[in-house]
1. Considering amide H positions built from the backbone, and no H for Pro or chain starts, which residues 5 or more places from Val68, or on another chain, come under 5 Å of its amide H?
2. Arg141's amide H: which non-local residues (gap 5+, or another chain) put their own amide H closer than 5 Å, with H modeled 1.01 Å from N in plane and none for Pro or chain starts?
3. Along the Cα→Cβ direction, 7 angstrom out, place labels at Arg240 and Ser172. What is the inter-label distance in nm?
4. Rounded to two decimals, what is Rg over Rh for the range 63-125 when you use alpha-carbon atoms and the Kirkwood radius?
5. Quick one: Kirkwood hydrodynamic radius for the range 226-426, alpha-carbon pairs, angstrom, one decimal?
6. Compactness ratio of the range 145-193: Cα Rg over 2.2 N^0.38 Å, N = residue count?
7. Starting from the Cα-Cα distance between Val224 and Asp192, subtract it from 0.36 nm times their residue separation and give me the gain in nm to one decimal.
8. Between the range 329-400 and the range 128-179, what is the C-alpha centre distance in whole Å?
Amino acid sequence: MTRLAIIGTGYVGLTTGACFAHLGHEVVCADIDERKVERLQRGEIPIVEHRLDELVAEGLRKGNLSFVVGAAEAVKDCEIAFLCVPTPQGEDGSADLSYVETAAREIASLLPYEAIVVNKSTVPVGSTKVVERVLKRPDVRVVSNPEFLREGSAVDDFLRPDRVVVGCDDRSAAIAVGNLYDKVRAQIIVTDPASAETIKYAANAFLATKLSFINAIAAVCEGVGADVNDVVVGMGYDKRIGSEFLRPGPGWGGSCFPKDSRALLKIANEAGYRFDLLAGVITVNDEQFDRVTDKIRVAAGGSLEGKTVAVWGLTFKARTDDLRDSPSISIINRLLAAGATVQAFDPTVDAPKPGVPAGVAVCADAYDATKDADVLTVLTEWDDFRWLDPKVVAANMPGRTVVDGRNLLERAAWNHAGFTHLGIGR
Ligand code: UDX
C-alpha cells in the first residue's frame, strides 16, 4: 500500500485515483473545483465512464479514496504525487504546460521529504525536466508515466493495460512507481523520461495514422467498387498489421488524437524534423469531414441550402459524453455553414450544451430527430441506433437516404424499408 496524491480529477485523474484505490493504495484526489469535489465526495461522477462510479463508491466505502479541494491538502502526507492536470492545445499547436507548472509550483514546498512526482498528463518531450526545475527539490524525483486510457473503457484499460511505461533516470523511483502496478501484472517498460514522453505521442500518432490510412483506403474502395469491411478483414489477418483500430468512420477526434498529433508535429519541427507523414494524416482527417459532408449534400439532392438533416450521434465516439473535437460536431458545422437545418439526437446529450453548435435542435429521442428530414446521417457508433426501426424512420421523413458514417446500420433492413444506405468505403 502506498499513499498517493492525485492532482486533477478529470478523466485521467479520476480514473487513476479510483483504480489505484481499487488496487489497495491510499488515495487522496485533489481538484480546484469545489462543487466537483463535493459531488465526488458523495460518489457522484461528473462524466460518463463505464465502471468508474462502482470503483469510486468502493473506495469511499472502504475509506481509502477521498477527495479534497486544492493540491496542498492532498500532498501533505503522500509518498507519490500524480500530476493529472489538463495540457490543452496552445495557440501555436503545442501543448500548454501552464497547468502542470502551476500545480508543481503549488506543491513544491509541501511535498514530504523524498516524495516522488509523476507526470501523467500528456506533456511535451522534456517536461519531466521542466517539472524538476519548477519544484527545485533535489530530494524529489520526477517520473513520466503516460496514460493510454481510452474514454469509455478507461477503467479496464487501467486495470488490464497492454503495458505500463515508466520514464525516470533514477532506478529506485522507477521501481517505486512500477510497484504501484504490481497487481495489474502488465509488462513494465522502464525508459529515460524523454523516451517515455515520446512513446505517448508516437503511440497516438501511429493510431491516428492507421485511422487516416483506412479512411483513405475506404475512399479508394468507393472508387473501385470494393468493400472496405472485407479489405480490413483481409488485411487484419496479417499479424504485422492486425485488425484492430481499422474501422473506417467520419474521421477521428476526441480529447487526445487531434491535440497530440498537432503537438507532435510541433515537437518534431522544433527538433529539426519536418514530419510530412503526420501532417498528411491530419489533412486526410480534415478531408474526411468534408467527404462525409459531401455525401450528405449529394443525398440531399446536390445542395444543403434549406434542407433538414437528422444526425444520430454527437459525441466523438460511443460510450462517452465527451464532445471535444468530435467528428460529428465538425461535420455539423459544415452542414450549418452550407445552409442546412440540423436535428440531432445523442443518448448522452439531452439539451443544448457547450460544444453543441448554436442552432442545432437537440431532440429527446432518435425518431424525433428524423421528423421531416431530407437525409439521415449516423455519426457516432452508439449500439442503440442499430436496433431502431427503419420503418418508423421512413414514416417520419420524406428523404430516403441514410448516410451511415460508421457503417453501423444493417443495410438490408434499411433497403427493405425503402432507404438507400450509403456507408463509408462500401
Ligand atoms: C485515445 C487513445 O486510444 C488512448 O490510448 C489515449 O491515451 C487517449 O486517446 P480516446 O481518445 O478515448 O483514446 O479514443 P479512441 O478509442 O482511441 O478513438 C479515437 C477516435 O478514433 C474516435 O473519434 C473514434 O471514433 C475513432 N476511431 C477509433 C475510428 O474511427 N475507428 C477505429 O477503429 C477506432
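We did not get these values from a lab; they are worked out from the coordinates using the rules stated. Because the structure is predicted, anything quoted here is derived from the model rather than measured. Glycine gets a Cβ as well: all are built from the backbone with ideal geometry, and neighbour counts include every protein chain shown.
1. Excluding prolines and chain starts, which carry no amide H, the hits are Cys29, Ala30, Asp31.
2. Val117
3. Those two pseudo-labels are separated by 4.6 nm.
4. On the way: Rg = 13.0 Å, Rh = 12.8 Å.
Taking Rh as the inverse mean 1/r over Cα pairs, Rg/Rh reads 1.02.
5. Values: mean 1/r = 0.0566 Å⁻¹.
17.7 Å is the Kirkwood radius here.
6. My calculation over the Cα atoms of the range 145-193 gives 1.14.
7. 6.8 nm
8. After rounding, the separation between the Cα centres reads 41 Å.
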